[in-house]
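See below for the structure under consideration.
The values are calculated or read from the model by the stated rules, or taken from the named source; none is laboratory data. The model shown is predicted, which means the values in this text are computed figures rather than measured ones. Glycine also receives a Cβ, built like all others from the backbone with ideal geometry; neighbour counts cover every protein chain displayed.
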Amino acid sequence: MKLFQSHSDKELKKITEEILEEKLASILAEVRDVLNVTTNVNQLKAEIESLKIDKSRREEEYARIERELIHKIGLEKKRQEVEFGQLKKEAKLDARTEHLETDKQRHEEQMRFLDERFTIEVGYLKDMMSKMMEQLPKANLVFRKEEISHGEN
C-alpha cells in the first residue's frame, strides 16, 4: 500500500473525483444520446402514425372518388342507352313517315289516274249512248200500270 501513500489524500481524492467526473460526463453523454435517440424514435413513431392516418384518409378519399366516378359512368351509360333508344325510335318514325308520304303520293296518283280514266270511260259511254239513241227509231212507249205490276212478279 505504499504505492498509494506516495500521493497525498488530497491528490487521490482529486484524481478520483476527476476520474468520476469524466466517467459521469461520459455516462451522462451516453444517457443524453440514448435520450435523444429515444426522443427521435418517439417522434418517428408519431410521424409514422400520422402518416398512416393520412394514408388511410387519402385511400378513403380515393375510394370515394372512384365510387363517384363509377356511379357517374353508370349514369352516363344509362343516358346514352336512353338517347340511343330515342334516336332509334325517331329514325323508325321518320322512316314510317317517309313511307306514308310515298304511299300518299302513290294513292293520289292512282286516284288521279282512276278519275281521268273514269271521266274518259263516262265520256265514251255518253258518246256511245248518244250514237245508239240516234240510230234507234223514236218510239213512245206507254206502259199500263197493270203490265208493270205483272212484269215485276
Yes or no: the stretch 27-50 includes at least one residue that is in a helix (DSSP H, G or I), at pLDDT below 95, small (G, A, S) and surrounded by 10 or more Cβ atoms within 10 Å (Cβ to Cβ). yes
Which condition from (1) surrounded by 10 or more Cβ atoms within 10 Å (Cβ to Cβ); (2) among the hydroxyl-bearing types (S, T, Y); (3) modelled with pLDDT under 95 is the one that Y62 breaks? (3)
Looking at the stretch 1-19 only, could you name the residues that are modelled with pLDDT under 90, in a helix (DSSP H, G or I) and not charged (D, E, K, R)? L3, F4, Q5, L12, I15, T16
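On the basis of being at pLDDT 95 or above, surrounded by 10 or more Cβ atoms within 10 Å (Cβ to Cβ) and in a helix (DSSP H, G or I), does E101 make the cut?
The answer is no for E101.
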